[in-house]
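The block underneath contains the structure these notes are about, expressed in structure tokens.
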Amino acid sequence: MRFSTKEEIIALTPLNPFDRFPDGRPRVPDDILERMRAVTTEEAWGVLRGHGYHFQFAGGWMNLHPERVLVGRAVTAVFMPLRPDVQAIVEEQGKARGCVGGQNSWVIDTLVENDVLVVDLFGKVKDGTFAGGNLSNSIYARTKTGMVIDGGIRDLQQVYAIPDFAVFCRGVDPTAIANVTLMGLNVPIRIGEATVLPGDVVLGTREGLIFIPPHLAQEVVEKSEDIRLRDQFGFQRLREGKYTPGEIDRQWSAEIEADFAEWKRHHIT
């Protein structure tokens, strides 16, 4: 099993402009995370695509609470189908590290507030239920966010009842997790078509999940805020009759841009 070292995570994320956790994960500031909650999937996707990141969105989820927005810093884990010789080695490694309980619990024990657990369980639902009522409550207690399980969950009624807990999974089954082995913690993983690194900002909406590299997180929120301001300005000027829809619903002229800049001075404190 691979527990990524601090040095390995730093080497994987050299563009990170922010502080880091002791394990090396980028620590995108809480202020940016809070502002991220208002960002739409398309706004984030537009910024990422503009920088050449074409594979950061994953859709097609069972989303327990579509009305909730999931935002936080990714803690990644990857499981693979059980192979007895490898399973024995992983169990020995976990024992040497003082890990307690099942291998899914080993991952949960590393979580802190504003983390989002992102688990590659290769889409397995039956015997692939990463968490039920007990473990989901533990994840909530530690993170106050939610979880992304590319596999299954169990105890749906209990998980559904956890307040302010956003859950994306591939399905539900009454079976317990079985016949899988934890092969990596805080390593690069694949979720759908997306590549996810530890410390990425997770943004989950009704549309799906988008994973934002830390060095682009501030640009994403600032671009989103600019779009919302432009919409507010445009709607106001249309109501006032100052501009026609054809003038607003396209690239703005230099005159409108100057008007917007002046308007913004009086609307941003």
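Within the stretch 129-184, restricting attention to residues that are within 20 Å of the chain's Cα centre (by Cα) and of a type in the set (D, E), the residue that is surrounded by the most Cβ atoms within 10 Å (Cβ to Cβ) is D150.
So that you can scan it fast, the table gives a plain yes or no per residue for (1) of a type in the set (A, V, I, L, M, F, W, C); (2) out of contact with any helix residue (DSSP H, G or I) (no Cβ under 9 Å at 6 or more places or on another chain); (3) touching a residue at least 40 places away in the same chain (Cβ under 8 Å):
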{"site": "I191", "(1), (2), (3)": "yes, yes, yes"}
{"site": "G208", "(1), (2), (3)": "no, no, yes"}
{"site": "I227", "(1), (2), (3)": "yes, no, yes"}
{"site": "G234", "(1), (2), (3)": "no, no, no"}
{"site": "D259", "(1), (2), (3)": "no, no, no"}
{"site": "H266", "(1), (2), (3)": "no, yes, no"}
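For the stretch 131-149, name all the residues that are of a type in the set (K, R) and part of a helix (DSSP H, G or I).
If the condition is that a residue be of a type in the set (K, R) and part of a helix (DSSP H, G or I), then R142 is the only one that fits.
Condition test on R49, is it modelled with pLDDT under 95 and under 21 Å from A194 (Cβ atoms)? The answer is no for R49.
The values are calculated or read from the model by the stated rules, or taken from the named source; none is laboratory data. Values in this document were obtained by computation on a predicted structure and should not be read as measured data. In this analysis, Cβ positions are derived from the backbone assuming ideal geometry, glycine residues included, and neighbour counts consider all displayed protein chains.
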